[in-house]
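Notes follow once the structure below has been shown.
The values are calculated or read from the model by the stated rules, or taken from the named source; none is laboratory data. Treat the numbers as computed from the prediction; the structure is a model and nothing was measured. In this analysis, Cβ positions are derived from the backbone assuming ideal geometry, glycine residues included, and neighbour counts consider all displayed protein chains.
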Amino acid sequence: MSEHDPDFAPVDALVRGALQAQGLFRHMGAEVLALSRGEAVVALPYRDEVAQHNGFFHGGAVGFLVDVACAAAAGSSLREPGSTVLTAEYKLNIVAPARRGRLVCRATVVKPGRSLAPVEAKVYAVEDGGTEKLVAVGLATLAVVTAERVAA
């Protein structure tokens, strides 16, 4: 993550608050591990409820993790008060299955824009010993919109 930014504390609180306000975020049991301007690290612990029939993390759970981590990274890069982000699209490539432990997604804004923010993500399976295995890569585009437009 990037160096400490004293002006980041309100942004950090806003992004974390927005994630916690999402029912799906809480339901899935996700957790923000780190947040800085343009970067986010979000984890998802293994539970039967996020697994598919063979015991691997479900692809939908992996996609969820990429979506929220990319949105958090993009939201943390906003500089205009009153703006927010909405997912416009994301692409996910699952490169290996994962079971047990937890998934950790590291998302980084490629280029913050006034209307669109492309974000890249990598998802790792982390087992108890701390060993990481790359399980997915993603690329998302977040639309930057005003909060009043979302409310309309």
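Just one of the listed residues (A43, A117, A98, A13) is within 20 Å of A147 (Cβ to Cβ) and touching a Lys or Arg at 6+ places or on another chain (Cβ under 9 Å), namely A117.
Being closer than 14 Å to L92 by Cα and of a type outside the set (D, E) is the filter here, so list the residues in the range 119-139 that pass it. Once the filter is applied, which keeps residues that are closer than 14 Å to L92 by Cα and of a type outside the set (D, E), the range 119-139 yields V119, A121, K122, V123, Y124, L134, V135, A136, V137, G138, L139.
Going by the conditions given, is G29 at positive phi and either out of contact with any Phe, Trp or Tyr (no Cβ under 6 Å at 6 or more places or on another chain) or touching a residue at least 12 places away in the same chain (Cβ under 8 Å) (or both)? Steps first, please.
Numbers: at positive phi: yes; either out of contact with any Phe, Trp or Tyr (no Cβ under 6 Å at 6 or more places or on another chain) or touching a residue at least 12 places away in the same chain (Cβ under 8 Å) (or both): yes.
So G29 fits the description; yes.
Cβ-Cβ distances below 6 Å connect the following pairs, each with a first residue in the range 98-110 that is among the β-branched types (V, I, T), a second residue that is surrounded by 22 or more Cβ atoms within 10 Å (Cβ to Cβ) and part of a strand (DSSP E or B), and a separation of six or more residues or different chains: V109/A117; V109/V119. When restricted to residues that are in contact with a helix residue (DSSP H, G or I) (Cβ under 6 Å, 6 or more places away or on another chain) and either closer than 23 Å to D7 by Cα or at pLDDT below 95 (or both), the range 39-61 contains 3. Among the strands (runs of 3 or more DSSP E) confined to the range 1-99, the ones with at least 2 residues that are touching a Cys at 6+ places or on another chain (Cβ under 9 Å) and crowded, with 19+ Cβ neighbours inside 10 Å are located at 39-45. Could you tell me which residue of the range 112-152 is surrounded by the most Cβ atoms within 10 Å (Cβ to Cβ), considering only residues that are of a type in the set (D, E) and outside any loop (DSSP other than H, G, I, E, B)? Only one residue tops the list, namely E120. A96 passes every criterion in (1) under 18 Å from the mean Cα position of the chain (by Cα); (2) modelled with pLDDT of 95 or more apart from (1).
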